[in-house]
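Here's the structure, in structure tokens; my notes come after.
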Amino acid sequence: MRRIFSFIVAGAAFCACAPKSAELTVAVVPQPVKIQQFEGTAKSTAASTKISGRLAAEEYILDSRSGRVKIIGGSEAGVFYALKTLEQLRLQAVDGRIARVLIKDKPQFSYRGAHLDCCRHFFGVDRVREFIDMMAMHKLNTFHWHLTEDQGWRFESRKYPKLQEISAWRNGTMKEQEWGSNDGIRHGGYFTQEEMKEIVAYAAERHITVIPEIEMPGHAIAALAAYPELGCTGGPYEVCTQWGVHSDIFCVGKDATIRFLEDILDEVCEIFPSEYIHIGGDEAPRDRWKECPDCQARMKAEGLESEAELQSWLNLVIEKYLADKGRKIIGWDEILEGGVSEDATVMSWRGPKGGKAAASKGNDVIMSPNNYYYFDYYQTEGAMENGEPLSIGGHVNLRQAYSFDPFEDLDEEVRRHIKGIQANMWTEYISEWDGVMYRELPRISALAEVAWNSDGRTSYEDFVKRVETALVPQYKAEGWSYADFAFRTPEID
Ligand code: TNX
């Protein structure tokens, strides 16, 4: 009798303070594939997690129907994503209780990427860790780390130490968009091999693969400043202080250049276990090669008819070198120009066009179109009046980032080559870390939703509401800068 009494009392107490289930929202970003809400509430801590062989590696089930949260993941990664979802539900808890739900979820794309340029401006390991945290919050799984550029080389090399002594530093930076100017402030830095290994491990704990990018043959002047014998003219060269596309690139007529690149890739492969290595390939003017006796001799010897084919020859040499180590290459869409091997993955940046062409030929593709996913571009049309900081130009608002269709105009057979999508953060005009986060957030949430569940997208208005509910409080708690144009009434775009 006493037992029954106490049960009733406890039950009554419970009813008096428990929230009504109708008060509980279940906003999740990215939108789960399947989400059902039931009457009632559940305890907000995870009661159990387990790994189930029946699910795909990144898949998970979050089930709180019993009043306690049970999580099943296809692997540790699936459990990790379930816990990220649970964090969002907890933000919506009332009196410590979350909604009773059944969520069955898995990503649509295997490659969900974010890129960071640590060359135009150097950001150290703590910042890179923060970037990875930001990616993890959005269930992204591939960090594309841009490590070499005209304006700075950031990869410590044991074999070529002048890269960190000379190539990592520049004598000033052009002011705003005044070409020819120089602020006179020495800028630079690099990641030690230990630091890069730490980043790889930190990312792996968050189920993120790090893909390093070593640019070739263009965007290489910083390396040439230290090793001028690897250029067509022999230099001298200086680490660039101005942005843009520069004529001096690696001389691929010289065997020493090929050896240098292979040696660097040996070191890169020791640090980065990723299946893919990004070899750049973009914006490489071939004027110097036209005038260079070594490049012309190479073309003759190899039976190449154009300088574009010479770049393809380089790609093939490097691709084969990496293949022997069990690695594959990714390159920007320019690698298509002189012909590309079918094993190369193409990263399409000049709109989705190059990606469509590559996928139609049978190459795997990552879509990273500048008109949707260049987050260094402005976020609103009237950027200046709206108080946005100086940016490179262009304009990609949240709505635009949310509207990308990775499969547009592609038939079934070709679609399977689209492995995923990626947002890029180039940092010419971003010298402060806050500027990176301000530009990523909230646009990265749109990229995340398209990458995770492009077919399950809701209306844009619903998406914005979910971001406000499930992510913005987390941005605030982390102290991250974010742009709020989409959350204002009326919205500014
Ligand atoms: C083009 S995207 C570049 C970068 C610039 C970027 C600025 C790509 C492969 N090359 O070197 O930083 O535009 O938006």
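Laboratory data are not the source of any read-out in this text; all were calculated from the coordinates shown. Here the structure is a predicted model, which means the values were calculated and not measured. Glycine gets a Cβ as well: all are built from the backbone with ideal geometry, and neighbour counts include every protein chain shown.
Stokes-Einstein D for segment 306-351 at 4 °C, 1.567 mPa s, Kirkwood Rh over Cα pairs, in µm²/s? Calculated translational D: 121 µm²/s.
When you filter the chymotrypsin sites (Phe, Trp or Tyr not before Pro) in segment 185-225 for DSSP loop state and at most 14 other Cβ atoms inside 10 Å of their Cβ, nothing is left. Local charge for Ser66 was computed over the other residues whose Cβ lies under 10 Å away, with Lys and Arg +1 and Asp and Glu -1, and equals +4.
In this rough spin-label picture, where each label sits 7 Å from Cα along the Cβ direction, the Glu165-Val245 distance is 3.5 nm. Structural size metrics of segment 349-455, computed from C-alpha coordinates, are Rg and Dmax of 14.6, 46 Å. Checked against a 30 Å cut-off, the cross-linked pairs Lys106/Lys476; Lys162/Lys328; Lys290/Lys353; Lys84/Lys361 give Cα-Cα distances beyond that limit for Lys84/Lys361.
Cross-link partners of Lys50 among aspartates and glutamates, defined as those whose alpha carbon lies under 14 angstrom from its own and excluding same-chain residues fewer than eight positions apart: Glu58, Glu59, Asp63, Glu76.
Compute the Cα gyration tensor for segment 240-307, then decide on rounded, prolate or oblate, letting a ≥ b ≥ c be the square roots of its eigenvalues: rounded whenever a/c is under 1.5, prolate when a/b is larger than b/c in the other cases, and oblate in all that remain. Oblate, because a/c is 1.5 or more while a/b does not exceed b/c.
Summing Cβ point charges (Lys, Arg +1; Asp, Glu -1) relative to the Cα centre of the chain gives a dipole of roughly 2760 debye. For segment 56-65, putting each phi into the Karplus relation 6.51 cos²θ - 1.76 cosθ + 1.60 with θ = phi - 60° gives couplings of 5, 3, 9, 7, 8, 10, 10, 10, 10, 5 Hz, in residue order, rounded to whole numbers and with x for Gly and Pro. Cross-link partners of Lys300 among aspartates and glutamates, defined as those whose alpha carbon lies under 16 angstrom from its own and excluding same-chain residues fewer than eight positions apart: Asp255, Glu291, Glu309. Rounded to the nearest 20 debye, the dipole magnitude of segment 250-408 is 240 debye, with +1 charges on Lys and Arg beta carbons, -1 on Asp and Glu beta carbons, and the Cα centre as origin.
Which value, in nm² and rounded to one decimal, describes the direction-averaged projected area of the C-alpha convex hull of segment 150-265? Taking the Cα atoms of segment 150-265, their convex hull projects to 8.1 nm² on average.
The rule of thumb for compact globular proteins, 2.2 N^0.38 Å, goes into the C-alpha radius of gyration of the chain 1.08 times. Applying the criteria of a DSSP loop state and at most 12 other Cβ atoms within 10 Å to the chymotrypsin sites (Phe, Trp or Tyr not before Pro) of segment 127-189 yields Trp179. Projected onto the charge dipole of the chain (+1 at Lys/Arg Cβ, -1 at Asp/Glu Cβ, origin at the Cα centre), which of Gly387, Leu86, Trp153 gives the Cα projection farthest towards the positive end? Comparing the listed Cα positions along the dipole, Leu86 ranks first. Taken as Cα centroids, segment 289-364 and segment 148-211 sit 25 Å apart, rounded to the nearest whole angstrom.
Each residue of segment 376-381 was assigned a 3J(HN,Hα) from its phi angle through the Karplus curve 6.51 cos²θ - 1.76 cosθ + 1.60 (θ = phi - 60°); the sequence is 7, 6, 4, 9, 9, 5 Hz, with glycine and proline shown as x. Spin-label pair Asp263-Leu102: with each label point 7 Å from Cα along the Cα-Cβ axis, the two points sit 6.2 nm from one another. Only aspartates and glutamates eight or more places from Lys175 in sequence, or on another chain, were considered; those with a Cα closer than 15 Å are Asp183, Glu428, Glu432. Taking the Cβ of Trp313 as the center, what net charge do the other residues with Cβ under 9 Å away carry, scoring Lys and Arg +1 and Asp and Glu -1? My count for the surroundings of Trp313 gives -1. Grab the beta carbon distance between Asp493 and Arg54, set R0 = 30 Å, and tell me the FRET efficiency rounded to 0.05. For Asp493 and Arg54, the calculated efficiency is 0.10. Listed peptides 448-458, 44-54 appear in the order 448-458, 44-54 once ranked by packing, highest mean of other Cβ atoms within 10 Å at the front.
Summarising the amide proton neighbourhood of Ser181: residues at separation of 5 or more, or on other chains, whose placed amide H is nearer than 5 Å comprise Lys175.
Computed across segment 268-335, the Kirkwood hydrodynamic radius from all distinct Cα-Cα pairs reaches 13.1 Å. Based on the alpha-carbon gyration tensor of segment 205-269 and its eigenvalue square roots a ≥ b ≥ c, which shape applies: rounded if a/c is under 1.5, prolate if not and a/b is larger than b/c, or oblate? Oblate.
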